[in-house]
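Structure, as structure tokens:
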Amino acid sequence: MQRPWVPQEMSLPPRLDPELRSGCVRPRYALLINPFYPKDPHASFGKHVLTPTLALTSIAGATPTNWEVTYWDENLLQGPPPWEPFPQVVGITVHLTFAQRAYALAKWYRCRGARVVLGGLHVLSCPDEAAPHADALAIGEGVQLWPRILQDVEADNLQKVYQATYHRPYREDPAPRRNLLPSESFLTTASLIATRGCHNRCGFCYLATDGLKMPYQMRDVDQVAQEFQATGQPYGVFTDNNLGSRPDYLRQLCKALRPLEKIWSAAVTIDVTDDPSLVREMALAGCTGVFVGLESLENENLTDARKRTPRPADYARRVAILHDYGIQVNGSFVLGFDHDRKTVFEKTAAWVEENRLECATFHILTPYPGTPLFKQLETENRLLHKNWMLYDTGHVVFRPRHMTPEELAEGYAWCYRRLFSHRSIWRRRPADPRAVLSYLAMSYLYKRSNRLWHFLIQKRLTARVWRPLVELTRRRHLVLRKRLANPALPLTASRVVPAGV
């Protein structure tokens with residue numbers, strides 16, 4: 001099997017020069033770093049520059065006014081992180097897939113005089129592992145902790161561990177500092193969040209991590225709308241785990257977003273279609289696409305995962321409701337559950353094509369540390385290793401029950417080859433001929449253009465190339481909304497044309 005093309009810059013982090021010597025540390029200067037992680041060659045490179053991390057821009061928003069703060073994302077392929085002027089404090093977010101890179105960055109900056117603070121989910125789930133690599137750990141809600149950490153740095157009283165809960169009202173968090181972002185490097189800088197948490201606690205999800213007590217919270221809808229408007233962006237991405245966990249709240253949010261005449265996408269569960277009128281409100285408010293965690297087409301897998309969801313036999317009808325209102329569907333599927341056999345790959349791909357999903361995302365079942373799934377597989381002695389860098393949902397890190405690790409890896413790669421093939425893209429075209437051209441443009445630019453994405457990311461051309469297409473989509477969607485808003489016109493699939501983003 002020929003391995004998909006992936007350039008070195010997308011698979012290996014930038015080199016940290018061991019000979020480089022820093023100058024004087026600049027007091028009250030903080031640098032926030034999103035570390036490099038290897039890109040999956042089977043998937044689209046474009047998803048890595050869709051929108052910036054909201055965690056670090058939110059941390060930046062909580063920075064005291066007497067501190068200078070900058071942001072650096074190693075995944076934008078602009079080389080190693082900056083060192084002139086040299087920061088007094090470096091904050092690094094840590095995910096298990098790039099934990100080793102985060103630790104290497106921490107060592108490099110600490111050796112040259114910076115105080116390093118590590119935070120993020122991996123720090124919460126594996127604090128003993130992270131502690132030797134940091135001057136301080138931020139465990140829990142970093143927005144609450146960051147000002148206190150910087151105050152302690154000023155007082156030369158930095159503690160080893162800072163802890164916070166997720167119980168403070170979400171509306172009290174400061175707005176993210178998007179002005180720090182290299183806006184030319186992203187499709188949109190309007191990464192938004194309205195809710196925190198999810199009504200599900202799936203055994204494989206990071207939200208089920210031991211010690212993570214995240215009650216469901218909602219921000220004021222007017223606050224969210226004002227923040228979206230202030231970005232100046234025509235397109236926003238809601239990074240909520242599940243924007244539809246509270247249908248009543250989502251309906252209120254849609255009413256607040258509708259006057260903005262912007263477009264947006266979000267992650268929801270398929271039960272958002274319980275009430276088609278809510279889907280209509282989403283479309284009228286500018287929703288052009290949803291990321292839906294369908295997970296599996298087998299009831300037993302969903303039961304084992306403790307996911308409260310409609311049965312897979314009803315998925316097709318519910319996807320059709322979203323399509324009826326011009327909302328594109330990116331279905332997310334997890335491969336390797338205990339009830340999956342080698343037939344799961346063909347069955348899933350065929351279902352995606354039959355139901356004309358505009359996109360699908362595949363994940364190899366991955367046991368994140370601290371989750372019930374991790375405990376189960378560890379107890380059953382089915383973990384292959386604990387090399388966190390490979391716990392990225394693109395590598396097999398456990399022994400599946402009904403196939404070999406090699407068969408699961410090959411089936412995962414086959415699903416992406418099938419989905420990205422010319423034949424599959426054509427099979428999944430919209431039923432309405434007027435929507436086919438925009439769908440094909442999206443499919444080929446997003447799914448079959450990794451060489452182009454590599455060039456755009458390196459040359460900082462992402463926004464220049466994509467935002468005119470986004471604006472065109474926004475204008476087309478305004479036409480769609482006028483049709484939807486007219487109750488005299490019957491709802492038919494031929495009348496509603498998907499927007500294309």
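The values are calculated or read from the model by the stated rules, or taken from the named source; none is laboratory data. Since the structure is predicted, the reported quantities are computational estimates derived from the model, not experimental observations. No Cβ is skipped: glycine too gets one built from the backbone with ideal geometry, and neighbour counts run over all protein chains shown. All accessible areas refer to the heavy atoms of the entire protein, side chains included, with ligands and DNA or RNA removed. Shrake-Rupley method; radii C 1.70, N 1.55, O 1.52, S 1.80 Å.
From F345, F374, which residue is in contact with a strand residue (DSSP E or B) (Cβ under 9 Å, 6 or more places away or on another chain) and modelled with pLDDT of 95 or more? Even if it seems obvious, please write down each step before you answer.
Numbers: F374 fails: modelled with pLDDT of 95 or more.
Among F345, F374, only F345 is in contact with a strand residue (DSSP E or B) (Cβ under 9 Å, 6 or more places away or on another chain) and modelled with pLDDT of 95 or more.
Determine the pairs where a residue that is more than 25 Å from A266 (Cα to Cα), located within the stretch 322-348, has a partner that is open to solvent by 50 Å² or more (accessible area, probe 1.4 Å) and in a helix (DSSP H, G or I) with Cβ atoms under 7 Å apart, the partner being 6 or more residues away or on another chain. That search, which allows pairs on different chains as well, returns F337/D304; D338/D304; H339/E300; K342/E407; F345/W414.
Just need a number here: residues in the stretch 150-177 that are touching a residue at least 60 places away in the same chain (Cβ under 8 Å) and over 27 Å from the mean Cα position of the chain (by Cα).
The total comes to 4.
Per-residue answers, yes or no, for (1) farther than 16 Å from V329 by Cβ; (2) assigned to a strand (DSSP E or B):
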| residue | (1), (2) |
| --- | --- |
| F345 | yes, no |
| T348 | no, no |
| E353 | no, no |
| L357 | no, no |
| F362 | no, yes |
| Y368 | yes, no |
| F374 | yes, no |
| L377 | yes, no |
| N381 | yes, no |
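Inclusion of R429 among residues that are assigned to a loop (DSSP other than H, G, I, E, B), at pLDDT 90 or above and more than 24 Å from the chain's Cα centre (by Cα) is warranted. Of the strands (runs of 3 or more DSSP E) lying entirely inside the stretch 19-113, none contains at least 1 residues that are basic (K, R), within 22 Å of P127 (Cβ to Cβ) and open to solvent by 30 Å² or more (accessible area, probe 1.4 Å). Among residues of the stretch 11-26 that are at negative phi, none has a beta-carbon under 8 Å from a residue that is among the polar types (S, T, N, Q) and open to solvent by 90 Å² or more (accessible area, probe 1.4 Å) at least six positions away or on a different chain. Residues considered: D392, D432. Of these, the only one that is over 30 Å from F36 (Cβ atoms), in contact (Cβ under 8 Å) with a residue 24 or more places away in the chain and crowded, with 16+ Cβ neighbours inside 10 Å is D432. Taking the listed residues N299, N330, the one that is touching a Ser or Thr at 6+ places or on another chain (Cβ under 9 Å) and open to solvent by 10 Å² or more (accessible area, probe 1.4 Å) is N330, with no other qualifying.
Only a single criterion out of (1) under 19 Å from the mean Cα position of the chain (by Cα); (2) within 19 Å of P27 (Cβ to Cβ) is not satisfied by P87, namely (1). For the stretch 148-157, the set of residues classified as open to solvent by less than 30 Å² (accessible area, probe 1.4 Å) and either within 20 Å of T57 (Cα to Cα) or not in a helix (DSSP H, G or I) (or both) consists of I149, L150, listed by residue number. For the stretch 383-426, the set of residues classified as of a type in the set (V, I, T) and over 25 Å from the mean Cα position of the chain (by Cα) consists of T404 only. Considering only the stretch 242-283, state which residues are crowded, with 18+ Cβ neighbours inside 10 Å, touching a strand residue (DSSP E or B) at 6+ places or on another chain (Cβ under 8 Å) and of a type in the set (D, E, K, R). Once the filter is applied, which keeps residues that are crowded, with 18+ Cβ neighbours inside 10 Å, touching a strand residue (DSSP E or B) at 6+ places or on another chain (Cβ under 8 Å) and of a type in the set (D, E, K, R), the stretch 242-283 yields only K262. Considering the conditions (1) open to solvent by less than 50 Å² (accessible area, probe 1.4 Å); (2) at pLDDT below 95, A138 is excluded by exactly one of them, (2).
For the stretch 18-32, a residue qualifies if it is over 12 Å from F86 (Cβ atoms), modelled with pLDDT under 95 and of a type in the set (D, E, K, R), and exactly one does: E19.
Of everything in the stretch 361-389, what is in contact with a helix residue (DSSP H, G or I) (Cβ under 7 Å, 6 or more places away or on another chain) and either open to solvent by 60 Å² or more (accessible area, probe 1.4 Å) or not β-branched (V, I, T) (or both)? Give them in sequence order. F362, P367, Y368, P369, G370, P372, L383, L384, W388, M389 - these are the residues of the stretch 361-389 that are in contact with a helix residue (DSSP H, G or I) (Cβ under 7 Å, 6 or more places away or on another chain) and either open to solvent by 60 Å² or more (accessible area, probe 1.4 Å) or not β-branched (V, I, T) (or both). Contact annotation: residue pairs with Cβ atoms under 7 Å, 6 or more positions apart or on different chains, pairing a residue in the stretch 472-493 that is at pLDDT below 90 with a partner that is among the small types (G, A, S) and surrounded by fewer than 14 Cβ atoms within 10 Å (Cβ to Cβ), are A493/A431.
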